[in-house]
Amino acid sequence: MAIFGNRIRVGDLLVQKGYMTDDQLSQALEMQREKKGKLGEVLIEMGFVTEEQFAGVICDQLGIKSVELNGLKLDEQLIQTVGEDIMRKDTLLPIGYDEEDFNKIVVAMSDPMNLGAIDDVQIITGMEVTPVYASSSAINIRIDKIFGKRQAMQAAEEFEAQHADEFGQLEEEEDDDALSDAPIVKIVNTILDESVRMDSSDIHIEPMEDRVRVRFRVDGVLQEVFSYNYNVLAAMVARIKIVSGLDISEKRKPQDGRLTRIVDGEEYDVRVSILPTVYGEKTVMRMTKKRGLTREKKHLGLYPDDEKKLDSITHNPHGIILVTGPTGSGKSTTCYTVLHELNKETVNIITVEDPVEANVPGVNQVQVNVKAELTFASALRSILRQDPDIIMIGEIRDGETANIAVKASITGHLVISTLHTNSTSASITRLIDMGVEAYIIGDAVVGIIAQRLVRRLCPKCKIPHEATEREKDILGVPQSENLIIYEPGGCEECNKGYKGRKAIYEIMPITSGIRKILHQKVTA
C-alpha cells in the first residue's frame with residue numbers, strides 16, 4: 001500500500017491540470033466544510049470538474065485503475081461477506097477477486113485513500129485489498145440495486161407488524177425528521193429512489209382487491225416492481241399527500257401536487273396525481289430530472305435535414321411553432337430546447353405553463369392557477385401587455401387559447417406551444433376544430449413538429465437476423481438485397497432487450513404551397 005505514503009492534495013492537482021481555478025477550489029473547500037462531504041463530490045456537484053476529470057487525477061496520483069460499474073457482474077458471495085453496512089458507510093463495493101492474485105480482492109471505492117475502510121474490509125474478509133476508483137454515485141446506485149428492494153420489503157413487514165392505520169392519520173404538521181425512520185417513509189422514499197435508478201418516467205401505485213401493486217414505466221413500458229399488503233395503502237397515500245402539499249382528509253376528489261427529491265446528488269421534480277378508484281386512491285407520479293429538460297439542440301437526436309428545418313422554423317421573427325405528439329413523447333424537452341436556443345439578452349421571453357416543469361434562467365415563467373382565475377387564456381391576455389418577443393404556451397387546450405395565440409403570432413410575436421395530436425397535418429385540423437379559421441392558420445403557423453419516443457435495442461445483446469420478405473417490404477428494400485436487421489435479446493444491463501429511447505421527428509414547415517391548400521377546405 002505504498003501508494004498512499006505521500007498524499008498530494010487532489011484539489012491542487014486539478015488546478016495544476018487546468019481543470020479549474022484557485023478561486024473555484026476555495027469556493028469548493030468552503031462548501032465542503034459546510035456540508036462535511038467529500039471534496040470530489042462537492043467539485044462535481046458545483047460543476048467545476050467532470051467525473052472523468054476527477055477520476056483521471058485520482059487514478060494518476062495513486063497509480064490505480066478506474067472501473068465502470070454499470071453492467072459489471074459482481075461476486076454475490078463477496079458482497080454478502082462484506083455486508084451492506086460497511087459498503088454504505090464507506091461508499092465501497094467489492095467487485096471480485098484480483099485476476100493476478102486470488103488471495104486479493106478488488107474493491108471499488110469513491111475514496112481510495114480511506115485506509116480505515118480498506119483495513120475494515122481486510123479484517124472482515126481476511127484478504128488483501130486492491131483498491132480501484134469509481135464515483136460515489138455509481139457505487140450507491142449499484143448498492144441500491146442490490147439492497148433497495150429488500151429494504152422496501154423489510155419496511156413493509158415492519159409497518160404491518162405495527163398498526164396499519166398508525167400513519168393513516170398523519171397530520172401535515174408532523175416533524176419530517178421524526179418520521180424519517182418510520183417504515184412508511186422508507187417505503188415511499190425507496191419507491192422514488194428505485195424509480196430513478198431504473199430510469200423510469202412514471203410510478204403507478206395501484207390499489208387492487210387484496211394488494212397494492214407498484215409499477216414503473218421504463219422506456220415507455222409498464223412493469224411491476226413491488227407488491228405490498230393492502231393495509232399499507234392508506235398510509236402510503238397519506239405520506240405522498242403530505243410531501244406534495246395535498247389535503248390528506250380529502251379522499252373523494254382527484255388531487256394534483258408536486259414534490260422534489262434528490263437522488264444521488266441529482267434533483268428530480270415529481271408531479272403527483274391522485275385519483276379515487278373502486279379499491280382506494282390510485283397515485284401516479286411523473287419523474288422529471290430538473291436539469292434534463294434544458295439541453296442543447298445537438299442532444300435531441302435530429303437528423304441533419306431535420307435540424308435545418310428546425311432552424312429555419314425557429315428563426316422566424318413571428319408566427320406559431322407547434323410541437324405535437326401523445327403524452328410522454330418528449331414535447332416539453334423539445335419546447336425547452338428551442339427556448340434555450342432563443343434565450344438571448346436582446347429578447348423578452350414569457351411562458352405560461354401548467355405546471356412550470358423546469359426553471360430557465362433569463363425567462364419569465366408564469367404558473368397557471370385556476371383558483372386565482374389565472375388560466376392560459378387570461379394569462380396570455382396580460383402577457384401581451386408585457387412587451388414580449390417570444391411566448392411559450394404550455395399547451396393549447398381550447399378555442400379561446402388557440403385564438404389568442406393566433407392573434408399574438410399575427411401581431412409580431414413568436415409563439416411556441418404543444419398540442420395533443422398524432423401528426424403534423426392533424427394539428428391543422430385540430431386548430432380548425434377549435435374554431436380557428438383555416439386561412440388564418442396559414443398566415444399564423446410557421447411550422448409543426450410531431451414526435452415520438454421509440455425504444456432502442458440494447459447494443460450489448462441485440463440479435464442479428466436476415467430480414468424476411470415482409471420486413472424488406474416494410475422498409476422499402478428490394479427483395480434481392482441482403483439485409484441484416486436486429487431483434488431484442490436480453491441481458492443484465494437492459495430491460496428485456498431494450499435500453500433507453502430515441503426521439504423520432506416529423507417536421508413540417510408551412511410553405512407557400514401548404515398555405516394555398518389551407519385556403520380551400522381540406523382534410524388532414
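The values are calculated or read from the model by the stated rules, or taken from the named source; none is laboratory data. This is a predicted model, so every value here is computed, not measured. Please note: Cβ atoms are built from the backbone with ideal geometry, for glycine as well, and neighbour counts cover all protein chains shown. Just the protein is used for accessible areas: all its heavy atoms, side chains included, with ligands, DNA and RNA removed. Shrake-Rupley method; radii C 1.70, N 1.55, O 1.52, S 1.80 Å.
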| task | Could you give me the residue pairs with C-beta distances under 9 Å whose first residue belongs to the range 43-67 and is within 11 Å of Ser135 (Cα to Cα) and modelled with pLDDT under 80, whose second residue is part of a helix (DSSP H, G or I) and of a type in the set (Phe, Trp, Tyr) wherever it lies, and which are 6+ apart or on separate chains? | result | Ile44/Phe54
| field | Of all residues making up the range 70-108, the number that are of a type in the set (S, T, N, Q), in a loop (DSSP other than H, G, I, E, B) and farther than 13 Å from Ile146 by Cα | value | 2
| field | Flag if Asp85 is open to solvent by less than 50 Å² (accessible area, probe 1.4 Å) and closer than 19 Å to Ile141 by Cα | value | no
| query | Got at least one residue in the range 114-131 being outside any helix (DSSP H, G or I), charged (D, E, K, R) and either farther than 25 Å from Gly56 by Cβ or open to solvent by 50 Å² or more (accessible area, probe 1.4 Å) (or both)? | reply | yes
| helices (runs of 4 or more DSSP H) wholly inside the range 176-248 that include at least 1 residues being of a type in the set (A, V, I, L, M) and modelled with pLDDT of 90 or more | 183-197, 233-243
| query | Going through the range 85-109 one residue at a time, which ones are under 24 Å from Glu492 (Cα atoms) and at pLDDT below 85? | reply | Asp98, Glu99
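One line per residue, one yes/no per condition, for (1) open to solvent by less than 40 Å² (accessible area, probe 1.4 Å); (2) free of Cβ contacts under 8 Å to residues at least 60 places away in the same chain:
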{"site": "Leu339", "(1), (2)": "yes, no"}
{"site": "Val347", "(1), (2)": "no, yes"}
{"site": "Val356", "(1), (2)": "yes, yes"}
{"site": "Val370", "(1), (2)": "no, yes"}
{"site": "Glu373", "(1), (2)": "no, yes"}
{"site": "Arg381", "(1), (2)": "no, yes"}
{"site": "Ile390", "(1), (2)": "yes, yes"}
{"site": "Glu400", "(1), (2)": "no, yes"}
| Residue that is most open to solvent (accessible area, probe 1.4 Å), among those in the range 487-513 that are among the aliphatic types (A, V, I, L, M) and under 17 Å from Lys331 (Cα atoms) | Ile504
